């Protein structure tokens, strides 16, 4: 709950203290999670305090991969291109 509060508060100062406390717990999963956070602490702090997100790009990548999986072995590139591109951008 404390970690969630740090994320929502947009104040990464408390993150180091939380990581130290999480590593000192007896819960293996929490200890591993905190250790991984410690490895890339600058990126985690930036993610907490900066307003930018790559969610839109990740959504488009997920959409493309889903289409590719659905089309695998069924048709050629023409049909896949027709399914990927919106109607007004088809050539």
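Quick one: helix 55-71 against the long Cα principal axis of the chain, what's the angle to the nearest 10°, folded into 0 to 90? The angle comes out at about 50 degrees. Extension gain, residue 69 to residue 29: 0.36 nm times the residue separation minus the Cα-Cα distance gives 11.2 nm. If you sort the three axes of the alpha carbon gyration tensor as a ≥ b ≥ c, you get a/c of 1.5 or more for segment 2-49 and a/b above b/c, which makes it prolate. With the simple spin-label model, which puts each label point 7 Å out from Cα in the Cβ direction, the residue 41 to residue 2 separation comes to 1.5 nm.
Under 1.5 on a/c is rounded, so check that first for segment 26-85, then, if it is not, pick prolate when a/b is larger than b/c and oblate when it is not; a ≥ b ≥ c are the square roots of the alpha carbon gyration tensor eigenvalues. Here segment 26-85 falls in the oblate category.
None of the figures in this text is laboratory data; all of them are computed from the coordinates on show. Bear in mind the structure is a predicted one, so any value in this text is a computation, not a measurement. Virtual Cβ from ideal backbone geometry, glycine too; neighbours counted across all protein chains shown.
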